[in-house]
Amino acid sequence: MARRVVIAAITSVFVFVVGSALFERLAPRRWVIAYQRAFMALYRPLAGVVPGWAVVETSGRRTGQPRQTPVGGRLCGDTFWLVVGDRSRSQYVKNIEADPTVRVRAHRHWYTGTAHVLVHDNARHRLMTMNPINSVFIWIAGTDLATIRIDLDPDRQHLR
C-alpha cells in the first residue's frame, strides 16, 4: 500500500513538471508570463530553504530596486551554479548583464556574489548535476539555455 502511494506521488510530480514545461514551451508568451507570475509567488517562500532551490536577488536595471527570482541550482563550495532556460527573454538575466552583483539565498542563508553568464558552457550537461525536478523542467521548456556561475564572496559572510 505504501509503495503505491509513493509511486503515485512520484508520478504526480513528474506529470506536473512535464506538463508545466510543455505549457511554457508551447503556450503564447502572454499566458506563460501570467502563469509564471502566479506560481513564482508560491515558490518564492520555499526557494532558499528547500535543497536544490535558491533565490537570486538582482538589482533592476532601470529602477535599481531589488528583484528576487526563485531558481533551481547547486551550491558547490564558493560557487552557485544555475541554468537558465530562456536567456534572451529572462529579465533577471538582463539584470545580471547590467549589474553582475547579486545576492543568493541558499540553505537558509544569504550570500553576496558576482554573477557571470556563460553562454558557451554546455548547459544541458550542467543540468545533469543539479536539482532533478528543475533540470527536467528546463530541459523540456528551455529554448535558449545558458549557465550562470555566481562566485560568492570569499568571506562567505551570511547576511540577514
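The values are calculated or read from the model by the stated rules, or taken from the named source; none is laboratory data. Being a predicted model, the structure only gives us computed values, none of them experimental. Cβ sites come from the backbone with ideal geometry, for glycine too, and all protein chains shown count toward neighbours.
Descriptive notes on the structure:
- Listed by first and then second residue, the pairs with beta-carbon distance under 8 Å, at least 6 apart or on different chains, first residue in region 16-33 and modelled with pLDDT under 75, second exposed (fewer than 12 other Cβ atoms within 10 Å of the Cβ), are ARG25/THR143.
- For TYR111, the conditions (1) modelled with pLDDT of 90 or more; (2) in contact with a Ser or Thr (Cβ under 9 Å, 6 or more places away or on another chain); (3) surrounded by 21 or more Cβ atoms within 10 Å (Cβ to Cβ) all hold with the exception of (2).
- Of all residues in region 103-160 being hydrophobic (A, V, I, L, M, F, W, C) and in contact with an Asp or Glu (Cβ under 7 Å, 6 or more places away or on another chain), the one that is nearest to THR79 (Cα to Cα): LEU152
- The listed residues are ALA47, ALA21, and the only one of them that is of a type in the set (A, V, I, L, M, F, W, C), surrounded by 11 or more Cβ atoms within 10 Å (Cβ to Cβ), more than 14 Å from HIS107 (Cβ to Cβ) and touching a Gly at 6+ places or on another chain (Cβ under 9 Å) turns out to be ALA21.
- Taken together, the residues in region 86-108 that are of a type in the set (D, E, K, R) and either more than 28 Å from LEU22 (Cβ to Cβ) or at pLDDT 95 or above (or both) amount to 5.
- Going through (1) of a type outside the set (S, T, N, Q); (2) without any contact (Cβ under 8 Å) to a residue 40 or more places away in the chain; (3) under 18 Å from VAL83 (Cβ atoms) one by one, ASP155 falls short only on (3).
- Picking from residues in region 26-50 that are of a type in the set (A, V, I, L, M) and in a helix (DSSP H, G or I), the one that is farthest from THR69 (Cα to Cα) is LEU26.
- Only strands (runs of 3 or more DSSP E) whose full extent lies in region 62-124 are considered here, and the ones with at least 2 residues that are within 18 Å of PHE137 (Cβ to Cβ) are 66-76, 79-84.
- Only one of the numbered conditions (1) in a strand (DSSP E or B); (2) modelled with pLDDT under 90 is violated by VAL56, and that is (2).
- Flag for THR147 being more than 14 Å from TRP53 (Cα to Cα), within 14 Å of the chain's Cα centre (by Cα), assigned to a strand (DSSP E or B) and touching a residue at least 40 places away in the same chain (Cβ under 8 Å): yes
- Scope region 76-108; condition touching a residue at least 40 places away in the same chain (Cβ under 8 Å), surrounded by 16 or more Cβ atoms within 10 Å (Cβ to Cβ), of a type outside the set (Gly, Ala, Ser) and within 23 Å of PRO132 (Cα to Cα); matching residues: PHE80, TRP81, LEU82, VAL83, VAL84, ASP86, ARG87, VAL93, VAL104, ARG105
- Considering the conditions (1) at pLDDT 80 or above; (2) farther than 26 Å from VAL32 by Cβ, HIS158 is excluded by exactly one of them, (1).
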